[in-house]
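The values are calculated or read from the model by the stated rules, or taken from the named source; none is laboratory data. As the structure is a prediction and not an experimental result, all values here were calculated from the model. For neighbour counting, all protein chains shown are included, and Cβ atoms are generated from backbone atoms with ideal geometry for every residue, glycine included. Just so you know, the surface numbers come from the protein's heavy atoms only, side chains and all, with ligands and any DNA or RNA stripped out. Shrake-Rupley method; radii C 1.70, N 1.55, O 1.52, S 1.80 Å.
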Amino acid sequence: MEGGGRPSAAQAVLLTASTALTALLYSIYRQKARVASGLEFVENCKGVVQRLTLQEHKMVWNRTTHLWNDYEKIIHQRTNSTPFDLAPAEDGAGVTVRVMKPLDAAELSLETVYEKFHPSVQSFTDVIGHYISGERPKGIQETEQMLKVGTALTGVGELVLDNATIKLQPPKQGMPYYLSSLDFESLLQKQESGVRFWKILTVVSGFATCAVLFFLLRKQYRHHRERQRLRQMQEEFRQAQERLTNTEGGEILKNACVVCLSSTKSCVFLECGHVCSCHECYEALPKPKKCPVCRQGITRVVPLYNS
């Protein structure tokens, strides 16, 4: 123990597997127990934590799938608790620990001691109205959960000594606080399995992020290559236009091939009679060959000889 009655850092977290019992006298405990179970539905069932829940069940029409889907909503929930201690399971002298703020525990194990479903009573007009509104109430689920006296618990939290009373409370450093019906090994395995799940999820998310980034970069690279090819084609077209320009007179050559814009016209297409292409571009035309100007079929080609 450190000065001031507080435990050292090594004793900050306490794990106690014990039975949930009261540290007060029986008469005082019985009065306190009424606070936690004064609205109980089960007779001779005493506990230190009680949770009453009213849950609405109804069917909701899904306009997308055109199906009726189950819908559940908690319309009321109340939790009552009374101070209790963790004591050794064996009878006799032993150290008891006062549990503080049990409702803040992450693994508070409550047993369902009462459960009843109240179906809704509907008239014919109610049924028609529900079909029109798209909501069909099914009923109300009434549930009582309780942490019974005598339940074996495992507590993990911060241990504090206050006026000769040992208290187990939520850690102030933001660490988790547990009150579970599992033993220590099972609770530890459960937490480790949760950690493994998050590790696997992190790795999968990392791979998915890398795959998305690779896809985006690859798409961006393709767009960049496409823009480069387009600029190159524009530059080649500009250069071809410059080659068609008569450097002496500044006039565009009228006998240039309309396909490649670089060679001179050397073919007469029949039966349309157009003179518009060189022999190399004529050979490159897809079959059936058509005139590049009028799109008429070419039956034969006559060479053009310039004098």
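Quick notes
- Qualifying position, being in contact with a helix residue (DSSP H, G or I) (Cβ under 9 Å, 6 or more places away or on another chain) and not basic (Lys, Arg), among Phe117, Phe84: Phe84
- Residue within region 97-110 that is closer than 29 Å to Thr154 by Cα and either free of Cβ contacts under 8 Å to residues at least 40 places away in the same chain or β-branched (Val, Ile, Thr) (or both) present: yes
- Residue within region 32-42 that is aromatic (Phe, Trp, Tyr) and at pLDDT below 85 present: yes
- Screening region 63-111 for residues that are surrounded by fewer than 15 Cβ atoms within 10 Å (Cβ to Cβ) and of a type in the set (Gly, Ala, Ser) and picking the one that is modelled with the highest pLDDT gives Ala106.
Yes/no per residue for (1) farther than 30 Å from Val259 by Cα; (2) open to solvent by 70 Å² or more (accessible area, probe 1.4 Å); (3) at pLDDT below 85; (4) assigned to a helix (DSSP H, G or I):
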position	(1), (2), (3), (4)
Ile140	yes, no, no, no
Glu144	yes, no, no, no
Leu147	yes, no, no, no
Gln173	yes, yes, yes, no
Gln189	yes, yes, yes, yes
Ala208	yes, no, no, yes
Lys219	yes, yes, no, yes
Glu236	no, yes, yes, yes
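- In region 112-127, the residues that are surrounded by 13 or more Cβ atoms within 10 Å (Cβ to Cβ) and in a strand (DSSP E or B): Val113, Tyr114
- Among residues of region 191-206 being among the hydroxyl-bearing types (Ser, Thr, Tyr) and open to solvent by less than 70 Å² (accessible area, probe 1.4 Å), the one that is nearest to the chain's Cα centre (by Cα) is Ser205.
- The lone exception for Leu108 - which of (1) outside any loop (DSSP other than H, G, I, E, B); (2) under 33 Å from the mean Cα position of the chain (by Cα) it fails: (1)
- Test: Tyr178 is buried (at least 16 other Cβ atoms within 10 Å of the Cβ), out of contact with any helix residue (DSSP H, G or I) (no Cβ under 6 Å at 6 or more places or on another chain), aromatic (Phe, Trp, Tyr) and in contact (Cβ under 8 Å) with a residue 40 or more places away in the chain: yes
- Region 149-169: number of residues that are under 14 Å from Asp85 (Cβ atoms), open to solvent by less than 30 Å² (accessible area, probe 1.4 Å) and polar (S, T, N, Q): 0
- Selection of region 285-305 for residues being surrounded by 12 or more Cβ atoms within 10 Å (Cβ to Cβ), aliphatic (A, V, I, L, M) and over 10 Å from Glu271 (Cα atoms) yields Leu285, Val293, Leu304.
- Residues satisfying the stated conditions in region 164-205, i.e. aliphatic (A, V, I, L, M) and within 27 Å of Val48 (Cβ to Cβ): Ala164, Ile166, Leu168, Met175, Leu179, Leu182, Leu187, Leu188
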